[in-house]
1. Quick one: which residue in 42, 35 is of a type in the set (A, V, I, L, M) and either surrounded by 11 or more Cβ atoms within 10 Å (Cβ to Cβ) or at pLDDT 85 or above (or both)?
2. Evaluate the stretch 113-126: report whether one residue or more is closer than 22 Å to residue 158 by Cα, modelled with pLDDT of 75 or more and not β-branched (Val, Ile, Thr).
3. Among what's in the stretch 127-141 and is at pLDDT 65 or above and more than 25 Å from the chain's Cα centre (by Cα), pick the residue that is nearest to residue 87 (Cα to Cα).
4. Report, ordered by the first and then the second residue, all pairs with beta carbons closer than 6 Å, sequence separation of six or more or different chains, a first member in the stretch 167-196 that is part of a strand (DSSP E or B), and a second member that is among the hydroxyl-bearing types (Ser, Thr, Tyr).
5. I'm checking my understanding of the structure. Among residues of the stretch 154-174 that are among the β-branched types (Val, Ile, Thr) and in contact with a Ser or Thr (Cβ under 6 Å, 6 or more places away or on another chain), which one is nearest to residue 122 (Cα to Cα)?
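The values are calculated or read from the model by the stated rules, or taken from the named source; none is laboratory data. The shown structure was predicted, so the numbers you read here are calculated from the model rather than taken from an experiment. We place every Cβ from the backbone using ideal geometry, glycine too, and count neighbours over all the protein chains shown.
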Amino acid sequence: MSKFQARTSKQALPDLNPSRIRAFTLIEIILVLALIGLLFSLFIGISGTFARASKEPEPPIAILRAAVLEATHLASKGKEVTHLRFDDENGTLVIENAAGTQLSVREFDDFVVQDGDERELLFTVTFEAETPLQGVSGDEGEWDDEDLSLRRVTFHPSGVSTPFLARLIHHDTDKEDVLRFDPFSGYVLFEEEEEE
């Protein structure tokens, strides 16, 4: 046997000398267990937050905002005029095209009280057209509330809507939330709360 063959055959055998066997130290094991515990506690905390958030009903203002953004998106995506209206009978926000076909419905189920077969809405949503400002101070105008009332809000394919504001009237607290929407983006320009 040559020297070369003897050397390679010795290298192929594992060294079973107990003084040379490498093992994990106690500190390494403790660090790994601590990291696993930390990751597990983070996972439990995050999953608990999601579980609580899923049980809470979405506020009506958030549903209204989402419906306006969805109507803006559907108008520009479908390249057709869409309309947003509040359905008094069902307590829903309905998005439909110019032909009257429903494209989407946003429901306020958690805010409708059902008494047997009768449903009572805890609030209503009304839409009003925004008027051009007039006068020296910009707060004068010759418009009646009836003239400004909109049955539905129109969203054009170019991404522009009728300038409007929405009133969310709460029947149980006599409170009214007023949201003024940007006609170009669909986002809320300002939001205020009024007492009746």
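1. Details: 42 fails: either surrounded by 11 or more Cβ atoms within 10 Å (Cβ to Cβ) or at pLDDT 85 or above (or both).
Of the residues listed, the single one that is of a type in the set (A, V, I, L, M) and either surrounded by 11 or more Cβ atoms within 10 Å (Cβ to Cβ) or at pLDDT 85 or above (or both) is 35.
2. Within the stretch 113-126, the first condition is being closer than 22 Å to residue 158 by Cα, and the residues that meet it are none.
So far as the stretch 113-126 goes, no, none of its residues is closer than 22 Å to residue 158 by Cα, modelled with pLDDT of 75 or more and not β-branched (Val, Ile, Thr).
3. To start, the set of residues in the stretch 127-141 that are at pLDDT 65 or above comprises 127-132.
Filter again for more than 25 Å from the chain's Cα centre (by Cα), leaving 129-132.
On the way: 129: 18, 130: 21, 131: 24, 132: 28 Å.
Once the filter is applied, the top-ranked residue is 129.
4. Qualifying pairs under 6 Å: 167/126; 169/124.
5. Step one: filter the stretch 154-174 for residues among the β-branched types (Val, Ile, Thr), giving 154, 160, 162, 169, 173.
Subsequent filtering for residues that are in contact with a Ser or Thr (Cβ under 6 Å, 6 or more places away or on another chain) retains 154, 162, 169.
Details: 154: 26, 162: 27, 169: 8 Å.
Among residues in the stretch 154-174 that are among the β-branched types (Val, Ile, Thr) and in contact with a Ser or Thr (Cβ under 6 Å, 6 or more places away or on another chain), the one nearest to residue 122 (Cα to Cα) is 169.
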